[in-house]
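> My structure is below; once you've seen it, I'll send some questions.
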Amino acid sequence: MAVKHANTLKDDQLQRLLDHVAKRTNHPERDRVMVLLSFKAALRSCEIAGLDWDRHLLDAYGVLNETIWIGSDIAKNGKERTVPVHPLLADALMRLRRRRLKDVPVIYSPRKDRMTANGVTVWFFRLYEAAGFKGCSSHSGRRTFITKAARIANMHGKSLRDVQRLAGHADLSTTEDYIDFAESADDLVSAL
């Protein structure tokens, strides 16, 4: 039986999603960060929910690091890794930090200090539903990131193993399973 994977999004669809959170949510700065943590850092719901400013994002001087440290305290199966901070994500994180200087959790909940992993998963489900995207889940951003990274890795002197490390997968076959097929492979054949 074939496993149904979360849909990946194209760049224009991601922009529509970001426009949606900017105009139609109660916490646009937080929500932009959540979307970008998924699409530009490939974070899982548990990792998004567990992020703290001081432990995972800021240096000793309170300045945003160039990488996100996914510690064993929030990583799936305790598998630590670092992920570079994409410029769009860096900008969104700095805006959110200026707005909420005293908060410890990055992704806060209006009712509690932080959102739970399940809360993040449900939030993504509702966001995609409200934005009109079908077949998407909290893994859509992660699958999109992994697919895009796999397609350009060799152009930057990297391999699928590097993508595996960024994703925090123990097995390369798991990373391969995340990669979405291209709509057409005709250009590959002509390049051979």
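> In deg cm²/dmol and to the nearest 500, what is the mean residue ellipticity at 222 nm of the chain if only DSSP H runs of at least 4 residues count, each as -39500 (n - 2.57), divided by the residue total? If you can, show how the numbers build up before the last one.
Numbers: 9 runs with 94 residues, N = 192.
Rounded to the nearest 500, it is -14500 deg cm²/dmol.
> Each residue of the stretch 153-166 in turn: what ³J(HN,Hα) in whole Hz from Karplus with 6.51, -1.76, 1.60 and θ = phi - 60°, glycine and Pro shown as x?
3, 5, 6, 10, x, 10, 10, 5, 5, 5, 5, 4, 5, 4
> Using a Förster distance of 22 angstrom, determine the FRET efficiency expected from the C-beta separation of residue 125 and residue 174, and round it to 0.05. Display every interim value, and only then the final one.
Details: r = 22 Å, r/R0 = 1.02.
Once rounded, the FRET efficiency stands at 0.45.
> Out of these labelled values of Cα extents along the principal axes in Å, [x] 59, 37, 34; [y] 55, 37, 32; [z] 52, 35, 27, which was calculated from the coordinates shown here?
Computed from these coordinates, Cα extents along the principal axes in Å corresponds to label [y].
> What residues qualify as long-range amide H neighbours of residue 52, i.e. H under 5 Å apart, gap of 5 or more or another chain, H built at 1.01 Å from N?
106
> Where in the stretch 82-103 does the amide nitrogen come within less than 14 Å of the point 7 Å from the Cα of residue 11, taken along Cα to Cβ?
From the stretch 82-103, the list is 88.
> Now a separate question. Sequence neighbours fewer than 8 away in the same chain don't count; with that in mind, list the aspartates and glutamates whose C-alpha is under 17 Å from residue 148.
11, 12, 162, 176, 177, 180, 183, 187
> Report the Cα-based extents of the stretch 26-119 along its three principal axes, largest first, to the nearest Å.
On the principal axes, the stretch 26-119 reaches 32, 29, 24 Å in Cα extent.
> May I pose another question? Mind giving me the FRET efficiency for residue 23 and residue 161? R0 is 41 Å, r the Cβ-Cβ distance, nearest 0.05 is fine. Mind showing how you got there, number by number?
On the way: r = 40 Å, r/R0 = 0.98.
So, using R0 = 41 Å, E works out to roughly 0.55.
> Given the C-alpha centroids of the stretch 97-158 and the stretch 6-28, what is the distance between them in whole angstrom?
Here the two parts' Cα centres lie 11 Å apart.
> Next question. Express the relative contact order of the chain as a whole percentage, based on alpha carbon pairs under 8 Å and six or more residues apart in sequence. Spell out each step's value before the answer.
On the way: 241 pairs, mean separation 51.2, N = 192.
This gives 27 percent for the chain.
> Do me a favour and compute the ellipsoid semi-axes for the stretch 86-165 from its Cα gyration tensor, root of five times each eigenvalue, largest one first, whole Å. Mind showing how you got there, number by number?
On the way: eigenvalues 156, 75, 27 Å².
Taking √(5λ) for each Cα gyration eigenvalue gives 28, 19, 12 Å.
> Nearest 10 degrees, 0 to 90: what angle lies between the long axis of helix 87-99 and the longest principal axis of the chain (Cα atoms)?
10 degrees
> Label points 7 Å out from Cα along the Cβ direction at residue 151 and residue 100: separation in nm?
It is 3.2 nm.
> Then there's this: Contact order normalised by length for the stretch 26-119, with contacts defined as Cα pairs under 8 Å and 6 or more residues apart; what percent is it? Show your work: numbers first, answer last.
Details: 120 pairs, mean separation 33.8, N = 94.
Value for the stretch 26-119: 36 percent.
> Nearest 10 degrees is fine. How inclined is helix 28-39 to the longest principal axis of the chain, computing both from alpha carbons?
Roughly 30 degrees between the two axes.
> Tell me, what is the FRET efficiency for residue 111 and residue 76 to the nearest 0.05, using R0 = 25 angstrom and their Cβ-Cβ distance as r?
Once the sixth-power term is evaluated, E becomes 0.45.
All of the numbers you see were taken from the coordinates with simple rules; none came from a lab. Note that the coordinates shown come from a computational prediction; the quantities given were computed from them, not determined experimentally. Backbone-built Cβ (ideal geometry, glycine too); neighbour counts: all protein chains shown.
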